1. Return the pairs, sorted by first residue and then second, in which the second residue is among the aromatic types (Phe, Trp, Tyr) and surrounded by 18 or more Cβ atoms within 10 Å (Cβ to Cβ), the first residue lies in the range 67-92 and is modelled with pLDDT of 95 or more and in a loop (DSSP other than H, G, I, E, B), the beta carbons are less than 7 Å apart, and the residues are 6+ apart or on different chains.
2. Restricting attention to the range 103-134, and to residues there that are buried (at least 17 other Cβ atoms within 10 Å of the Cβ) and aliphatic (A, V, I, L, M), which single residue is farthest from the chain's Cα centre (by Cα)?
3. Got a sec? Which of Leu181, Leu213 is of a type in the set (A, V, I, L, M, F, W, C), surrounded by fewer than 18 Cβ atoms within 10 Å (Cβ to Cβ) and in a loop (DSSP other than H, G, I, E, B)?
4. Give the residue, chosen from Asn156, Asn184, Asn212, that is more than 26 Å from Lys73 (Cα to Cα) and either in contact with a strand residue (DSSP E or B) (Cβ under 6 Å, 6 or more places away or on another chain) or in contact (Cβ under 8 Å) with a residue 40 or more places away in the chain (or both).
5. If you take just the helices (runs of 4 or more DSSP H) that sit entirely in the range 328-413, which of them hold at least 3 residues that are surrounded by fewer than 18 Cβ atoms within 10 Å (Cβ to Cβ) and of a type outside the set (Asp, Glu)?
6. Quick check on Arg214: is it assigned by TED's automatic domain parsing to the domain that holds Ile308 and either within 30 Å of Phe625 (Cβ to Cβ) or hydrophobic (A, V, I, L, M, F, W, C) (or both)?
7. Tell me which residues, restricted to the range 308-327, are of a type outside the set (D, E, K, R) and not in a helix (DSSP H, G or I).
8. When the range 420-456 is examined, which residues are found to be in a strand (DSSP E or B), surrounded by fewer than 20 Cβ atoms within 10 Å (Cβ to Cβ) and in contact with a Phe, Trp or Tyr (Cβ under 7 Å, 6 or more places away or on another chain)?
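The values are calculated or read from the model by the stated rules, or taken from the named source; none is laboratory data. If you're wondering where the values come from, they're calculated on a predicted model, not measured in any experiment. Every residue, glycine among them, receives a Cβ derived from its backbone with ideal geometry; neighbour counts consider all protein chains shown.
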Amino acid sequence: MAYFLGRINCYKLCNFFKNNHAKFCCQYYLLQVFRVTNTPIERYYSTPQKTQEIYLIDENNSLDTKPTNRVNKYTNRSYTCGELNAKNIGESVVLCGWLEFQRMNKFVVLRDSYGETQLLVDDKDTETQNLLEKVPYESVLEVKGTVLARPKDMVNKKQTTGEIEVLVDKLKIANKAKDNLPFNIREFQKAKEPLRMQYRYLDLRFPQMQHNLRVRSKFLMKMREFLVNNHFVDVETPTLFRATPGGAQEFVVPTRHPGLFFSLVQSPQQFKQMLMGGALDRYFQIARCYRDEGSRPDRQPEFTQLDIELSFTTVEGVLKLVEEMLGFAWPDHLATIPMKFSRMAYDYCMENYGNDHPDTRFGFRLKNCTHILSNNKKLVTEENFAAYYILFPKEYASLNKQLKELITSLSKNYAKAKLVQSKISSTKEWTNKISKLLTNQVAAEFVIEAKMQDDSVLFLAYGDKKEVLALLGKIRLEYVNFLENLGISIRQKGMHFTWIMDFPLFEISEETGALQSAHHPFTAPNPEDIQWLKSDPLKVRALAYDLVLNGNEIAGGSIRIHDPSMQESILDILDIDRSHLHHMLDMLASGCPPHGGIALGLDRLLSIMLNTVSIRDVIAFPKNFEGRDALSGAPSQISDKDMKLYHIRSANKDKK
């Protein structure tokens, strides 16, 4: 009996009795039961709460036992505009939303974040009709009414609320919009992006933007849930820090101290490593990061990444963590993803795809023909000579003048690579023509090697190996984009994840010609290659890994250096002044455990998941192509007073 009473909601039990004396007795008896059994009363919350032990019970009716949709709790409405259906016919409801459309002051479409509901105004309700006549679209309305069944010939099965309409009893204008908004919320007449960016608060009302931001919220919540359940600790790290040598261009922040500046962090890299040194062995953060590198469709000056670091781990440990986390958080409405992702070595990527973020949804990989073309010594003008080609068979052969001009323009960015692009109607005729460049013998060998056939398209590049691979990698993507724009299906559907492994630890800077980190100076070298560290550093591989999705890098990480002596050696090789990183060296020398981690670019990942044109479509308030905020006009000028306070001068004012 005690167990039974302990599990019954007190409010329901008290109402079972007929008089106040019975209620008092019930409460007193339950008080004794709870003291003996230590069983807490069950209360219901809109969000998960920690169970509390309650021993004294007030007699109040605050517990709402009526089932409600949580999306409507704490609001004036009883339902959203995307919620009503035939089961609600006859109910009195309250709806709140935006006036999307109205006809004859009688038929109204009310829209909110969840959908649309059709309203019907009675013919005799002239007061409401007169009110609607003066209300502009996008005004905010609050409507009370009764749910009716639509006439059978008016049912819209494609719409969630298509079976019903709401007869208006009372309509209230919560906020009247101005008459001429910059654009209407209509998919079929959507404004250009620059205008939508300028009035982003209107653009956010489009159903697609609502969907994108809500998917983003749920996806981030699920990743948080996974990590917290696996004992990772969410730690916020500073965004104001000191400039980091050897990285991307940073935003500089002036201070009141003359000649001293903060930098906005590129990532929490150093902080998360110091957390490992501080024995906080499992860390994560949804971090805001900054890089002053201009804006592209897949990049923003400020962006969001999921940052993860853990101690006593290996490459395999980090990769498994990410695979399991994405599998757990992946939205149900998207196609499922594999439990384990494919893997590919960096050298294989470059050799077959021409880049380190291969689009594996289609074939047409690069083919090496260096051994053939090198027989013509006149072609070998570069020290690191190489020759590669891509051949598209008849069913994929389409090379018009416009595409040729595009690829020719693209090839000009690679001065050390020579390009031959041909639509081969007849293999015999092409061989005769190309012999003037390759010689008869080389041309004949190449035709056999490539298994060339009539009516095919060939892209052949030779010269400096690095530039040849990069050029053909670009052409491979551009040509397939061209074919798909013609309606020819090339890429496989779905999400194709690939881990890229065995990156080089160092690379040569194109700007300075000096050695630089391929990732960052805190990346650990592969122990198998330590012997090359000083004698031939370009041979050394890194314990680094990138995650690529559908040809886009979405994550990157590595095992970090935890030995202070090794870190000093790497800094010396890179010619980085140790004093800039004294805090890191001190931390490593204070007993730092082996550790590693990864960072996932959430904006780019979500953009691919939701198949948007750019990452701006998954960010509430992004910057435009120029890195500016079209909404507020930032960046903007500051006053002379502020400039004096921060000890800065404007070059434009100095010229005047």
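1. Sorted first by the residue in the range 67-92, then by its partner, the pairs are Thr80/Tyr114; Cys81/Tyr114; Gly82/Tyr114; Glu83/Tyr114.
2. Initial filter on the range 103-134 (buried (at least 17 other Cβ atoms within 10 Å of the Cβ)): 105, 108-121, 125, 128-129, 132.
Subset that is aliphatic (A, V, I, L, M): 108-110, 119-121, 132.
Details: Val108: 37, Val109: 33, Leu110: 31, Leu119: 38, Leu120: 41, Val121: 44, Leu132: 41 Å.
So, considering only residues that are buried (at least 17 other Cβ atoms within 10 Å of the Cβ) and aliphatic (A, V, I, L, M), the one farthest from the chain's Cα centre (by Cα) is Val121.
3. Details: Leu213 fails: in a loop (DSSP other than H, G, I, E, B).
So the residue among Leu181, Leu213 that is of a type in the set (A, V, I, L, M, F, W, C), surrounded by fewer than 18 Cβ atoms within 10 Å (Cβ to Cβ) and in a loop (DSSP other than H, G, I, E, B) is Leu181.
4. Details: Asn156 fails: either in contact with a strand residue (DSSP E or B) (Cβ under 6 Å, 6 or more places away or on another chain) or in contact (Cβ under 8 Å) with a residue 40 or more places away in the chain (or both); Asn212 fails: more than 26 Å from Lys73 (Cα to Cα).
From the options Asn156, Asn184, Asn212, the qualifying one is Asn184.
5. On the way: elements: 346-353, 370-373, 401-411.
So the answer is 401-411.
6. Working: assigned by TED's automatic domain parsing to the domain that holds Ile308: yes; either within 30 Å of Phe625 (Cβ to Cβ) or hydrophobic (A, V, I, L, M, F, W, C) (or both): yes.
Considered against the rule, which asks whether it is assigned by TED's automatic domain parsing to the domain that holds Ile308 and either within 30 Å of Phe625 (Cβ to Cβ) or hydrophobic (A, V, I, L, M, F, W, C) (or both), Arg214 comes out as yes.
7. We begin by selecting, within the range 308-327, every residue of a type outside the set (D, E, K, R); these are 308, 310-315, 317-319, 321-322, 325-327.
Matches in the range 308-327: Ile308, Leu310, Ser311, Phe312, Thr313, Thr314.
8. Initial filter on the range 420-456 (in a strand (DSSP E or B)): 420-424, 456.
Keeping just the survivors that are surrounded by fewer than 20 Cβ atoms within 10 Å (Cβ to Cβ) gives 420-423.
If the condition is that a residue be in a strand (DSSP E or B), surrounded by fewer than 20 Cβ atoms within 10 Å (Cβ to Cβ) and in contact with a Phe, Trp or Tyr (Cβ under 7 Å, 6 or more places away or on another chain), then Gln421, Ser422 are the ones that fit.
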